[in-house]
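The values are calculated or read from the model by the stated rules, or taken from the named source; none is laboratory data. Fair warning: this is a prediction, and the values are worked out from it, not measured in the lab. Positions of Cβ are generated from backbone atoms using ideal geometry, with glycine treated the same way; all protein chains shown enter the neighbour counts. The area values use the complete protein model at the heavy-atom level, side chains included, leaving out ligands, DNA and RNA. Shrake-Rupley method; radii C 1.70, N 1.55, O 1.52, S 1.80 Å.
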Amino acid sequence: MKISVTVNGKTHESDVEPRTLLVQYVREDLGLTGTNIGCDTSSCGACSLHLDGEAVKSCTVLAVQADGSQVTTIEGLATDGKMHPMQDAFMQNHGLQCGFCTPGMVMAAISLLRENANPTEEEVRIGLEGNLCRCTGYHNIVQSILACAKGGK
Amino acid sequence: MIPSLFDYKRASSAAEAISLVAEYGDDAKFLAGGHSLLPLMKLRLAAPSVLVDIGRLKDLSYITDAGSYIAIGALTRHMDVETSPILKQHVPLLACAAGHVGDPQVRHRGTIGGSIAHADSASDLPATTLALGATYVVQGASGTREIAATDFYKGFLESALRPDEMLTEIRVPKMNGAGWSFQKFNRRAQDWAIVGVAAWRGNGGSGVALVNMGSTPVLATDVATALASGASVADAAELAAAQADPQSDLNASAEYRVHLAKVLVRRALEEASK
Ligand code: FES
Ligand code: FES
């Protein structure tokens, strides 16, 4: 089926099988492998990206459902070689170790601040309930997001 | 994991969706947010040969005050139910329960109608709307009918919906200030409930329903009857599992679930009675 999806500002006209998952589409058809696949069962959040500005788990969305939509992946956050403030906050606050969960964490975190610009620590922790990290113990991820929120970005 | 092959049809109206499903018969399934159906299809536990995508029927996404009840379009997403000022004011129990579904990413996609039509006893919203005495409006080729939540759940993932009928609206009576509580016991934040309880009490009545305590969501009618005849919260909660028939699974044995249901119903009623 023919779909038209705008990914990181660029419109792609593609022909996909209806069963193609959105994560497969961005990784395999578009070569954007920053979005990871962890559990593949809508649990871990590694595949989180933005669909029309909101974080979703792209392992549980069909590419055909994104037809006509705007998608942002981790690759689309930096502008002119400058990291997005959330990426910067993760770097400054040691919000990652192995980095596998990080693209999903960053996408979920940006979506979270869009809905709640000034969250408490508890709200950040609850807001990350859909993202698992096996390394950091979450502490520095939470600190990164709070730092980014405080920076007003 | 990739679903098996299927044909994809996108409906531009409820009527078109219903006629498409009627045309393709038993092998066709409605696709709303896809957060119940797609996981099953990826595991190949479901393999519909046609998906009729109703996800773009924006006219079925609404929350409106209809006087004695709130009307919720079937395609209203969990996030919109959770944050709705109308629901927070008139049916706070439902807004709260919607906030317990999955995680924010899931709530950005999943819909209240999808969750109810899927009729999973482990889901939060079937039991919550059951406790609240909701009515579901369904549309089929031969017209529209209303099904009380109490008549809707027929068995494991089975409902009173006919194959060519689509759930279009959920009508939830206003709570008129009644006390309420939503209890969900799980091991990790985003998990399904091992046992959950939706309860309200006030204005001379009460309603208690259980999540994951049998093949369907369970209305704990003995609890409500006991409260109506003056039993204490603690005594009424002892009857929590009278209508239930829980299964044992990896998370909990049936006996443990029965125990948990009594504890959670007591906590819920204490909170609702404040
Ligand atoms: S890969 Fe999608 S949630 Fe884990
Ligand atoms: S940094 Fe390794 S999984 Fe999160």
Margin query: Among the numbered criteria (1) more than 30 Å from B:LEU57 (Cα to Cα); (2) more than 13 Å from chain B (Cβ to nearest Cβ), which one does A:CYS39 miss?
Written below: (2)
Item checked: Residue satisfying all of: in region A:56-82; β-branched (Val, Ile, Thr) and within 11 Å of another protein chain (Cβ to nearest Cβ); farthest from A:GLY104 (Cα to Cα) among these -> A:VAL64
Margin query: Show me the strands (runs of 3 or more DSSP E) found entirely inside region B:1-119 where at least 2 residues are buried (at least 22 other Cβ atoms within 10 Å of the Cβ), in contact with a helix residue (DSSP H, G or I) (Cβ under 9 Å, 6 or more places away or on another chain) and within 14 Å of chain A (Cβ to nearest Cβ).
Written below: B:28-31, B:50-53
Check: Taking B:ARG257, is it surrounded by fewer than 22 Cβ atoms within 10 Å (Cβ to Cβ), basic (Lys, Arg) and farther than 19 Å from B:VAL91 by Cβ?
Finding: no
Checklist line | All helices (runs of 4 or more DSSP H) inside region A:62-153 with 2 or more residues being open to solvent by less than 80 Å² (accessible area, probe 1.4 Å), more than 14 Å from ligand 2 (Cβ to nearest atom) and touching a Pro at 6+ places or on another chain (Cβ under 9 Å) | finding: A:102-115, A:139-150
Margin query: Can you go through A:GLY38, A:GLY68, A:GLY9 and tell me which one is touching a Cys at 6+ places or on another chain (Cβ under 9 Å), farther than 18 Å from A:LEU112 by Cβ and not hydrophobic (A, V, I, L, M, F, W, C)?
Written below: A:GLY38
Next item on the list: List every residue pair whose Cβ atoms lie under 9 Å apart, where the two residues are 6 or more positions apart in sequence or sit on different chains, the first residue falls within region A:16-37 and is in contact (Cβ under 8 Å) with a residue 40 or more places away in the chain and in a loop (DSSP other than H, G, I, E, B), and the second residue, located anywhere, is aliphatic (A, V, I, L, M) and within 16 Å of ligand 2 (Cβ to nearest atom).
Entry: A:LEU32/A:ILE74; A:GLY34/A:ILE74; A:THR35/A:ALA46; A:THR35/A:ILE74; A:THR35/A:MET107; A:ASN36/A:ALA46
Next item on the list: Give region A:1-46 a look and list any residue that's open to solvent by less than 30 Å² (accessible area, probe 1.4 Å) and in contact with an Asp or Glu (Cβ under 8 Å, 6 or more places away or on another chain), or say none.
Entry: A:ILE3, A:VAL5, A:SER14, A:VAL16, A:PRO18, A:THR20, A:GLY34, A:GLY45
